[in-house]
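In what follows, a single structure is set out as structure tokens and then discussed.
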Amino acid sequence: MSVASPVVPESHTIEVLDHGFVRLDEAMASDLSVVNAARVSFARRKEEMDDSDHGLIRFLLRQSHGTPFEHNAFRFHIRAPIFIAREWFRHRIGSFNEFSMRYAKATDEFYVPDAEDVRTQVGKPGAYSFEQVEPEVAETTREELRAVYETAYAAYERLVEMGVARELARAVMPVGSYTEFYWTVNARSLMNFVSLRAAETAQREIRRYADACERFLAEEMPVTYQAFVDAGRVAP
């Protein structure tokens with residue numbers, strides 16, 4: 001007998017970029033989990049939050065007592081361009097499982113930025129600022145990207161049709177193609193990710209994914225989130 005997968009409410013999915021999303025697949029996370037993890041040091045446990053618990057969470061964040069924020073979990077389903085996923089995977093603070101082009105057919109969807117997101121960089125490495133390009137340059141960029149994607153995917157399909165293994169044929173796929181992965185992370189690590197990737201210095205595209213993750217943190221753990229913001233968005 002087959003077991004149906006649970007339906008994830010639309011409210012738990014945030015669309016990002018042109019074909020991407022952040023979906024909160026499951027959460028075992030609450031402000032109360034932080035409180036009880038901290039109070040177990042005194043052999044205490046609470047069933048409901050009160051004002052003193054709000055103060056405790058603010059204290060823990062302000063004083064960088066981070067471990068009580070680790071006793072919870074967010075499981076995200078992410079769809080993002082490969083170049084964003086590779087930035088994401090540098091955060092070795094959670095567990096990842098990614099779609100594999102060894103076993104499944106590559107997607108034919110690719111990231112094409114909106115015209116206003118086509119930008120030029122000004123300055124030195126590590127201290128760039130970004131400016132929007134002229135409309136003609138933006139449209140040319142979008143056309144060039146589409147042309148490269150179409151050529152690459154056509155080559156991929158030809159190789160597979162000739163019998164070339166998918167694990168080799170995938171080598172022609174550009175980093176603008178979309179991938180999917182599951183990411184399970186605790187609140188402490190999620191705050192660390194948000195503090196870095198939602199910052200103005202992060203790449204614009206991954207900032208939008210970090211913003212979506214931040215919204216789910218705020219919804220599931222509002223007291224923790226407000227304390228995080230009040231502490232300058234620095235993870236404990």
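The values are calculated or read from the model by the stated rules, or taken from the named source; none is laboratory data. In this text the structure is predicted, and so the values were computed from the model without any measurement. All Cβ positions, glycine included, derive from the backbone under ideal geometry; neighbour counts span all protein chains shown.
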- request: Would you please list the contacts, defined by Cβ atoms under 8 Å and residues six or more apart or on different chains, that run from a residue in segment 110-134 that is touching a residue at least 24 places away in the same chain (Cβ under 8 Å) to a residue that is in a loop (DSSP other than H, G, I, E, B) and surrounded by fewer than 12 Cβ atoms within 10 Å (Cβ to Cβ)?
  value: none
- prompt: Taking A202 and the conditions (1) among the aliphatic types (A, V, I, L, M); (2) over 28 Å from Q132 (Cβ atoms); (3) modelled with pLDDT under 95, which numbered condition does it fall short on, given that it satisfies the others?
  reply: (2)
- prompt: What pairs come up if the first residue lies in segment 50-63 and is in the same structural domain as V40 (by TED's automatic domain parsing), the second is charged (D, E, K, R) and modelled with pLDDT of 95 or more, and their beta carbons are under 9 Å apart, counting only those six or more places apart or on different chains?
  reply: D53/D31; H54/D31; I57/D31; R58/D230; L61/D230; R62/D230
message: Among the numbered criteria (1) touching an Asp or Glu at 6+ places or on another chain (Cβ under 6 Å); (2) not assigned by TED's automatic domain parsing to the domain that holds M221, which one does R79 miss?
response: (2)
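Suppose we keep only residues that are under 18 Å from H19 (Cβ atoms) and not β-branched (V, I, T) within segment 197-209. Which one would you say is nearest to the chain's Cα centre (by Cα)?
Y209
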Subset of segment 152-199 [part of a helix (DSSP H, G or I), touching a residue at least 12 places away in the same chain (Cβ under 8 Å) and farther than 30 Å from Q63 by Cβ]: A152, Y153, A155, Y156, L159, V160, R166, E167, A169, R170, V172
query: Name the residues in segment 124-148 that are closer than 15 Å to Q203 by Cβ and assigned to a loop (DSSP other than H, G, I, E, B), would you?
result: P125, G126, A127, Y128
